[in-house]
Amino acid sequence: MDTSTALFYVFSAVLLVAAFRVITARSAVHSALFLVLAFFSASCVWLLLRAEFLAISLVLVYVGAVMVLFLFVVMMLDINVDALRVGFWKHFPVAAIVGVVIVLEMALVLIPGFDVVNAPPADAKSISMGNTKLLGIEIYTNYLYPLQIAALILLVAIIAAIALTLRQRKDSKAIDPSQQVKVKKADRLRIVKMQPVVEPPPAPPAPPAAPAGETK
């Protein structure tokens with residue numbers, strides 16, 4: 001076993017453990033951190049497969065942007081994860097069976113791609129171009145229509161997310177920018193003239209004096 005094979009098994013084991021901890025950790029923050037570890041492990045596996053562009057993109061896009069956003073959302077919303085995990089172990093066997101079936105199907109599809117022994121040798125032109133340029137040529141020639149379909153699906157997801165977050169709520173205070181622009185200076189400020197000094201009220205009259213010889 002050479003060094004690359006040993007590193008592949010190490011990174012794959014870390015990836016599987018981190019992915020399992022993502023769905024079993026009790027804290028949402030811990031799940032997000034384990035997901036970051038899973039992304040790093042996947043990028044290391046891609047580096048071993050000489051897919052440097054995909055590895056760097058995974059680190060920059062998902063770890064650097066998406067996961068930071070997830071952590072901010074989790075910490076700001078203060079989600080009660082215990083209430084969401086009610087009945088998790090009840091449905092775990094069915095979910096495990098479905099997950100195993102998905103893994104087996106993906107393995108049947110992806111295993112032929114790891115057959116580097118019978119792979120055709122790379123020519124000098126492909127080596128000089130680099131895998132980033134070759135990936136771009138492959139995507140925008142042979143996989144152009146799947147790329148457009150994926151972009152359309154992402155566009156629909158973005159529109160759906162915006163539509164869900166822009167619902168009218170009675171407990172929220174919204175500001176209409178058009179109404180703010182129409183406001184004039186006279187509507188915002190009213191000048192009231194007041195005297196600088198207010199005269200004190202007059203003193204009440206003294207009670208009449210009692211006649212001489214009368215006692216209370």
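Summary of values
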item: Condition check for ASN118: surrounded by 10 or more Cβ atoms within 10 Å (Cβ to Cβ) and at pLDDT below 80; result: no
item: Residue under evaluation VAL10, criteria (1) β-branched (Val, Ile, Thr); (2) in contact with a helix residue (DSSP H, G or I) (Cβ under 7 Å, 6 or more places away or on another chain); (3) within 24 Å of VAL100 (Cβ to Cβ), criterion not met; result: (2)
item: Subset tally (residues that are among the charged types (D, E, K, R) and either without any contact (Cβ under 8 Å) to a residue 12 or more places away in the chain or part of a helix (DSSP H, G or I) (or both)) for region 8-34; result: 1
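Table: residues versus (1) in a helix (DSSP H, G or I); (2) modelled with pLDDT of 80 or more; (3) assigned by TED's automatic domain parsing to the domain that holds LYS133; (4) over 28 Å from ASN131 (Cα atoms).
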site: VAL36; (1), (2), (3), (4): yes, yes, no, no
site: ASP82; (1), (2), (3), (4): yes, no, no, yes
site: VAL86; (1), (2), (3), (4): no, no, no, yes
site: PHE92; (1), (2), (3), (4): yes, no, no, yes
site: ALA96; (1), (2), (3), (4): yes, yes, no, yes
site: VAL100; (1), (2), (3), (4): yes, yes, no, yes
site: ILE111; (1), (2), (3), (4): yes, no, no, no
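The values are calculated or read from the model by the stated rules, or taken from the named source; none is laboratory data. What you are looking at is a predicted structure, and each value in this text was computed from that prediction instead of being measured. When we count neighbours, we look across all protein chains shown, and the Cβ atoms used for this are built from the backbone with ideal geometry, even at glycine.
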